[in-house]
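The structure under discussion appears below in the form of structure tokens.
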Amino acid sequence: MLQYCFWEKKNNLQILTETLHQYYVDRNRKKLKHLKISIEKDISQNPNYPFTRHYFFMTLSTLYHLDFFLATPEQQNELIDYFFNVNYWQFYDLCLMEHVVNMLHVEKMRPYLSDILKQYATESMPKASTEIVNRILINTLETSIIQKKYSFTKYLLNKIAEYHFNSEDFWFQTWLLFWTGVYEKNHNKIRHAYSIPTYLHQNSTLQSFDNFLKITHTDNPFIENDKKKTHDIN
């Protein structure tokens, strides 16, 4: 009974994030909606427990991510108020940011992202926190492109180049290459990004690439190549 296991902060955060990731990869709206309802019930029973409210937002954001919906202005303000009061970005705060940024107006996140990057640059972050920062950057990059906030996309790409983020991290570099290709409309970069999960047999990543190209109205370079070959034959 997964929904009854969440409410110890550290262990339950890990259980929740792993569950949300699997439900998202499976695109399982039914289970996400059921989980959201379960957490809403827990909020009503324990209204003074703040982490439950964050778990609700993380679940809601994962559900919204399937269709690229935004949270209500009131929900966005509640999250931004929380981030405003963060003086030092710890694992929990970073994890929350990672999981809700896609349902926020991305331009409102600039000062908080700047704080995270400064902390990353000036202090020794634990490996687990550094990995979350990488995911925040990719999720924010995606969100900026989905929301067509291209000046923010440019700002973020410049920051990533400035701080030399994880040049050896395959996951990070693959998604960075993909989103850079989409932003620049560079078919060579998109093809190169596709080649990595193809070689590693990561079908879920390939499916995500296909979905994002469709959502952003970006030409699929492989389909374009097939059209060209067909035209040349004819």
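Descriptive notes on the structure:
- Restraint check, K159/K185; K31/K148; K149/K189; K127/K149; K154/K189; K118/K214, Cα-Cα greater than 27 Å: K31/K148; K127/K149; K118/K214
- Neighbour net charge for V106 - beta-carbon separation under 14 angstrom, K R +1, D E -1: +3
- Computed with the Debye formula from one identical point scatterer per Cα of region 11-82, without solvent, the log10 of I(q)/I(0) at q = 0.14, 0.15, 0.22, 0.26 Å⁻¹ comes to -0.43, -0.49, -1.05, -1.32.
- Annotation: Cα Rg of region 123-190 relative to the compact-globule expectation 2.2 N^0.38 Å equals 1.10.
- Taken over the chain, the ratio of Cα radius of gyration to 2.2 N^0.38 Å equals 1.08.
- Most tightly packed first, judged by the mean number of other beta-carbon atoms within 10 Å of their residues, the peptides 123-132, 55-64 read 55-64, 123-132.
- Across region 35-44, rounded Karplus estimates of 3J(HN,Hα) from the backbone phi angles (6.51 cos²θ - 1.76 cosθ + 1.60, θ = phi - 60°) give 5, 4, 5, 4, 5, 4, 5, 5, 4, 5 Hz, Gly and Pro being marked x.
All of the numbers you see were taken from the coordinates with simple rules; none came from a lab. Note that the coordinates shown come from a computational prediction; the quantities given were computed from them, not determined experimentally. Reconstructed Cβ throughout: ideal geometry from the backbone, glycine too, with neighbour counts over all protein chains shown.
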